[in-house]
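J.: I'd like to ask some things about the structure below.
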Amino acid sequence: MTKEKTIDFGFEDVPVSEKAAKVRGVFDSVASKYDLMNDAMSMGVHRVWKDMAMAKINPQPGEIIVDVAGGTGDLTRKFIARAEQVRVRRGGKPARGFVTDINAEMLLAGIDPKKDGAMDMTRVCGDAQTLPFPDNFADVVTISFGIRNVTDRDMALRDMRRVLKPGGRFYCLEFSTPPTEWLRKFYDAYSFNVIPKMGGVLTGDSESYQYLVESIRKFPKQQEFAGMLRNAGFKRVNYEDYTGGVCALHWGYKIGAA
Ligand SMILES: C[S@@+](CC[C@H](N)C(=O)[O-])C[C@H]1O[C@@H](n2cnc3c(N)ncnc32)[C@H](O)[C@@H]1O
């Protein structure tokens, strides 16, 4: 009998077929406290990173965004709100947002009539590897702090490109590796010593946060991940580091319809 291939789940190796269920377990467990914990863990900096990403994405009226592994939907709200600021000056249609996530608990935890307001925002359960959208559908596809949880990242990158219209833009925000040694060491010490304990106190689940920090360490470095975007067919691929490389925004374009 041939042994099933394994894949990283944090620092653990698990059979490929088991990773998705394990990841689902993590996010089921943290869903209701996810936003609170995100703020606590990053000391609010994840909001700044998302604002910096939005400045780069430059949302426009009438555009459609698909935010993959979108969790509670904050990036989609930022996108629609920014497009609206442009629309009140220049006119056009409101932007539309689709938040898609494999985990219904995360989507449900994000529903907030006050924050959602009159935004044209749809939540759809779906896997990043086989997205529930037609070809050439979106002007912008984003994935923020999601790709490292996906079992087959190459497959997900290809499918996110498929969903983009020709000329559409793709952005991936993800924890990364600071190139400076002292910052890397400081960040490692903070991640491994503080985050799981903080997760334990705030959510009662330190194990899920242990997985999150381990999964960050296993994720490819900036250059390698840029290569994965190119292999998936994206053009004009580039990235910028945020906070010395603790986080990085990668982007690429879909040139041509196929
Ligand atoms: C760390 S959260 C990020 C949420 C949100 N994008 C943000 O920036 O705060 C990771 C999300 O990825 C989702 N996820 C994990 N694997 C996925 C997959 N294969 N397809 C779609 N979503 C997935 C999880 O359910 C979770 O909501």
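The values are calculated or read from the model by the stated rules, or taken from the named source; none is laboratory data. Because the structure is a prediction, the values reported are computed rather than measured. So basically every Cβ, Gly included, is an ideal-geometry build from the backbone, and we count neighbours across all protein chains shown. Note: accessible area is taken over every heavy atom of the protein model, side chains too, but ligands, DNA and RNA are not part of it. Shrake-Rupley method; radii C 1.70, N 1.55, O 1.52, S 1.80 Å.
J.: Per residue, how many Å² of accessible area does the chain show with a 1.4 Å probe?
T.: Value returned for the chain: 47 Å² of accessible area per residue.
J.: May I pose another question? Carbon and sulfur atoms: what percent of the 1.4 Å accessible area of the chain do they account for?
T.: 54
J.: Turning to a different aspect of this structure: Which three extents, in angstrom, do the Cα atoms of region 163-230 have along their principal axes, listed largest first?
T.: 46, 30, 14
J.: Count neighbours as other Cβ atoms within 10 Å of each site's Cβ, and list the chymotrypsin sites (Phe, Trp or Tyr not before Pro) in region 95-186 that are DSSP loop with at most 16 such neighbours.
T.: Phe137
J.: Short version: ³J(HN,Hα) in whole Hz for each residue of region 112-122, in order, from phi by Karplus 6.51 cos²θ - 1.76 cosθ + 1.60 (θ = phi - 60°), x for Gly and Pro, what are they?
T.: 8, x, 5, 6, 5, x, 8, 5, 8, 9, 10
J.: Please report how far the C-alpha centroid of region 188-250 lies from that of region 117-139, rounded to the nearest whole angstrom.
T.: Here the answer is 24 Å between Cα centres.
J.: Next up: Two decimals is fine: what's Rg over Rh for region 120-240, C-alpha atoms, Kirkwood radius as Rh?
T.: 1.02
J.: Ile7's amide H: which non-local residues (gap 5+, or another chain) put their own amide H closer than 5 Å, with H modeled 1.01 Å from N in plane and none for Pro or chain starts?
T.: Val14, Val16
J.: Also, quick follow-up: With axes computed from alpha carbons, what is the tilt in degrees of helix 181-203 against the longest principal axis of the chain, rounded to the nearest 10 within 0 to 90?
T.: Its long axis makes an angle of about 90 degrees.
J.: Would you kindly find the accessible area of Asp28, with a 1.4 Å probe and non-protein molecules such as ligands, DNA and RNA excluded, rounding to the nearest 10 Å²?
T.: 70
J.: I would also like to ask the following. If you build the Cα gyration tensor of the chain and take the root of 5 times each eigenvalue, what three semi-axes come out, in whole angstrom, biggest first?
T.: Gyration-tensor ellipsoid for the chain: 28, 21, 19 Å.
J.: Tell me which of Ile102, His250, Thr203 sits at the most positive position along the dipole axis of the chain, charges placed on C-beta atoms (Lys, Arg +1; Asp, Glu -1).
T.: His250
J.: Given H placed 1.01 Å from N in the peptide plane, which residues other than close sequence neighbours of Thr122 have an amide H under 5 Å from its amide H?
T.: Gly97, Phe98, Val99
J.: Another question about this same structure. Taking amide H atoms as placed 1.01 Å from N in the peptide plane, list the residues 5 or more away in sequence, or in a different chain, whose amide H sits under 5 Å from that of Leu164.
T.: Here the answer is Asn136, Phe137, Ala138, since their amide H atoms fall under 5 Å of that of Leu164.
J.: Tell me, what HN-Hα J-couplings in whole Hz come from the Karplus equation 6.51 cos²θ - 1.76 cosθ + 1.60 at θ = phi - 60° for each residue of region 239-251, using x for Gly and Pro?
T.: Each residue's phi maps through the Karplus curve to give 8, 9, 7, 10, 6, x, x, 4, 9, 9, 9, 9, 9 Hz.
J.: At q = 0.10, 0.24 Å⁻¹, what is the log10 ratio I(q)/I(0) for region 81-185, with the Debye formula run over Cα points and no solvent?
T.: -0.37, -1.37
J.: Angle between the Cα long axis of helix 153-163 and the longest principal axis of the chain, 0 to 90 degrees, nearest 10?
T.: The helix 153-163 is inclined about 10 degrees to the chain.
J.: If you don't mind, another one. Each residue of region 221-236 in turn: what ³J(HN,Hα) in whole Hz from Karplus with 6.51, -1.76, 1.60 and θ = phi - 60°, glycine and Pro shown as x?
T.: In residue order, the calculated couplings are 5, 3, 5, 5, 5, 4, x, 5, 5, 4, 4, 7, x, 6, 10, 6 Hz.
J.: Another question, then. Using only the alpha-carbon atoms, how far is helix 74-90 inclined from the longest principal axis of the chain? Give it as 0 to 90 degrees, nearest 10.
T.: 20
J.: Give a quick list of chymotrypsin sites (Phe, Trp or Tyr not before Pro) in region 1-74 that DSSP marks as loop, anything other than H, G, I, E or B, with at most 15 other Cβ atoms within 10 Å.
T.: Those satisfying the criteria are Phe11.
J.: What span do the alpha-carbon atoms of region 111-164 cover on each of the three principal axes, reported in whole Å from largest to smallest?
T.: Computed over the Cα atoms, the extents are 37, 25, 16 Å.
J.: Taking each pair of different alpha-carbon atoms in region 68-128 once, compute 1/r for the pair, average those values, and report the inverse of that mean as the Kirkwood hydrodynamic radius in Å to one decimal.
T.: Hydrodynamic radius (Kirkwood, Cα pairs) of region 68-128 is 11.9 Å.
J.: Student exercise: in region 147-258, how many lysine pairs 8 or more apart or on different chains have Cα atoms under 25 Å apart?
T.: 9
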